[in-house]
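First comes the structure, then the notes that go with it.
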Amino acid sequence: AQSVTQLDSQVPVFEEAPVELRCNYSSSVSVYLFWYVQYPNQGLQLLLKYLSGSTLVKGINGFEAEFNKSQTSFHLRKPSVHISDTAEYFCAVKGEGGADGLTFGKGTHLIIQP
Amino acid sequence: DGGITQSPKYLFRKEGQNVTLSCEQNLNHDAMYWYRQDPGQGLRLIYYSQIVNDFQKGDIAEGYSVSREKKESFPLTVTSAQKNPTAFYLCASSRIDRGSNQPQHFGDGTRLSIL
């Protein structure tokens with residue numbers, strides 16, 4: 001079984017400042033990792049994914065994340081945020097070979113202040 | 001455009017009633033999933049299906065039922081046995097490729113409330 005911890009329920013940041021949203025996971029098998037974004041009353045949209053290969057992955061909207069196996073982390077970063085980035089962000093994990101769904105963290109609400 | 005359609009967007013249920021949430025996808029995906037989202041709780045897996053006429057319970061299946069008669073459709077029934085059904089319900093689908101894990105694509109959700 002897997003579990004995901006998103007350490008911050010809310011992250012306020014000023015517009016054009018950098019941001020990091022933290023995600024740690026635990027698993028007894030190799031994992032695949034995902035970050036999703038959710039705007040109010042909508043479904044989830046995939047930002048980026050780590051399946052294998054380079055540990056630094058780039059996604060949409062200028063976001064990137066780094067997989068760190070030794071620290072079991074997959075933190076999401078953006079060098080300069082915009083008002084439109086205000087949303088809920090979810091980190092999710094799936095065990096290699098697993099046939100079931102994703103295991104999600106509880107989410108981080110990113111609040112962009114002008 | 002391909003995607004996942006959930007309907008209705010808002011649904012109200014009286015105590016003791018069963019209600020069915022619709023989920024249709026035209027992405028030709030084999031796997032489909034139902035999640036429940038509560039404030040501050042993230043998403044939790046209710047049921048999933050990898051093939052027609054077969055489905056598996058997720059972490060919180062009690063009080064719910066599903067069917068998978070067609071590849072494109074995976075309706076969820078919230079039964080009267082579900083004591084706290086008020087939540088946002090999300091349907092997802094994904095490809096199943098041997099040796100890889102494909103990301104899940106999500107619908108826009110159905111918000112269920114108790115009258």
Here the whole-number average of other chain Cβ atoms within 10 Å per Cβ of B:46-52 is 1
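Note down the relative contact order for chain A as a percent, whole number, built from C-alpha pairs under 8 angstrom at least six residues apart.
Numbers: 283 pairs, mean separation 43.2, N = 114.
The value is 38 percent.
What does the average come to when, for each residue of peptide B:32-41, you count the partner chain Cβ atoms lying within 10 Å of its Cβ? Let's see the in-between values first.
Values: counts 1, 3, 1, 5, 0, 7, 1, 2, 4, 3.
Taking all residues of B:32-41 together, the mean is 3.
When Lys and Arg each count +1 and Asp and Glu each count -1, what net charge do the other residues less than 15 Å away from B:Ile46, Cβ to Cβ, add up to?
Values: positive: B:Arg36, B:Arg44, B:Lys57, B:Arg68, B:Lys83; negative: A:Asp100, B:Asp38, B:Asp59, B:Glu62.
With Lys, Arg at +1 and Asp, Glu at -1, the net is +1.
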Most packed first (mean Cβ within 10 Å per residue), the peptides A:28-35, A:79-86, B:67-74 order as A:28-35, B:67-74, A:79-86
For B:Gly3, the residues 5 or more places away or on another chain with a placed amide H closer than 5 Å to its own amide H are B:Asn26, B:Leu27
Per residue of A:34-43, other chain Cβ atoms within 10 Å number on average 4
Whole-Å distance linking the alpha carbon centroid of the range A:65-114 with that of the range B:16-87 is 24 Å
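Given the alpha-carbon gyration tensor of chain B, what are the semi-axes of its equivalent ellipsoid in whole angstrom, ordered largest first, with each equal to the square root of 5 times an eigenvalue? Walk me through the numbers on the way to the answer.
Details: eigenvalues 110, 39, 37 Å².
Output for chain B: semi-axes of 23, 14, 14 Å.
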Quick shape check on chain A: root eigenvalues a ≥ b ≥ c of the Cα gyration tensor, a/c under 1.5 is rounded, otherwise prolate if a/b tops b/c, else oblate, and it reads prolate
By the mean-Cβ-within-10 Å protection proxy, highest first, A:66-72, B:49-55 rank as B:49-55, A:66-72
Surrounding charge for B:Gln6, neighbours by C-beta under 12 angstrom, Lys/Arg +1, Asp/Glu -1, total 0
The ³J(HN,Hα) series, computed from each phi in the range A:38-44 with the Karplus coefficients 6.51, -1.76 and 1.60 at θ = phi - 60°, rounded to the nearest Hz and given as x for glycine or proline, is 10, 8, x, 6, 10, x, 9
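Bear in mind these aren't lab numbers, they're just calculated from the coordinates by the rules spelled out. Worth saying up front: this structure is predicted, and the values here are computed from it rather than measured. Using ideal geometry, Cβ is built from the backbone for each residue, glycine included, and neighbour counts are taken over all protein chains shown.
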